[in-house]
Amino acid sequence: QAERNQCALQNYESAYRGLRSLWSEAMLVAGRLDENMAAETKNKVEAATVVLYDSQNRWLRYSERACEAESLLWRGQEVESKIYYDCMLRLTHSRMHSLAAFVGEGAEATGAMVHVHQDGATHLHYE
């Protein structure tokens, strides 16, 4: 079981690295959205970077707590950490999908060039 627990942790850590990369791209897009916002609108709405940052922090707290809850039935058992990290992996992939959609649509809206690497990672380029 220890081997499976370690494998689940490594899978999650790998996905989390991907999430952090996407997060950087999403913040770049949000920054561009803020730059492009009309002056009269800036006083009426929160900055995109603030909204995105807040949503990510709330998602992090939610995902950790949701996965703690999901693993409650196995509390104190060897399989508990595997259940937790499998849940974190699943939620991280879901968040990555959401951020990737934001980056893709936001890149188009802000005039970025999107470069997709063979491993699926994206990088935005602005002129």
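Please find, within segment 41-55, the residue that is nearest to residue 28 (Cα to Cα) out of those that are open to solvent by less than 70 Å² (accessible area, probe 1.4 Å) and of a type outside the set (A, V, I, L, M).
Here the answer is 49.
Within segment 4-15, identify whether any single residue is more than 25 Å from residue 76 (Cβ to Cβ), surrounded by fewer than 17 Cβ atoms within 10 Å (Cβ to Cβ) and not charged (D, E, K, R), and answer yes or no.
Kept after step one, since they are more than 25 Å from residue 76 (Cβ to Cβ), are these residues of segment 4-15: 14-15.
Going one step further and asking which of them are surrounded by fewer than 17 Cβ atoms within 10 Å (Cβ to Cβ), we end up with 14.
Of the ones still in play, those that are also not charged (D, E, K, R) are 14.
Looking through segment 4-15, at least one residue is more than 25 Å from residue 76 (Cβ to Cβ), surrounded by fewer than 17 Cβ atoms within 10 Å (Cβ to Cβ) and not charged (D, E, K, R).
Any idea which residue in segment 95-127 is farthest from residue 63 (Cα to Cα), counting only those that are at pLDDT 85 or above and open to solvent by 90 Å² or more (accessible area, probe 1.4 Å)?
Here the residue is 105.
How many of the residues making up segment 57-94 are within 15 Å of the chain's Cα centre (by Cα), of a type in the set (Phe, Trp, Tyr) and surrounded by fewer than 17 Cβ atoms within 10 Å (Cβ to Cβ)?
The first filter runs over segment 57-94 and keeps only residues within 15 Å of the chain's Cα centre (by Cα), leaving 57-64, 87-94.
With of a type in the set (Phe, Trp, Tyr) added as a condition, the list becomes 59, 62.
This time we only want the ones that are surrounded by fewer than 17 Cβ atoms within 10 Å (Cβ to Cβ), so: 62.
Here the count works out to 1.
The values are calculated or read from the model by the stated rules, or taken from the named source; none is laboratory data. Worth saying up front: this structure is predicted, and the values here are computed from it rather than measured. Please note: Cβ atoms are built from the backbone with ideal geometry, for glycine as well, and neighbour counts cover all protein chains shown. What goes into the accessible areas is simple: the full protein's heavy atoms, side chains included, and nothing from ligands, DNA or RNA. Shrake-Rupley method; radii C 1.70, N 1.55, O 1.52, S 1.80 Å.
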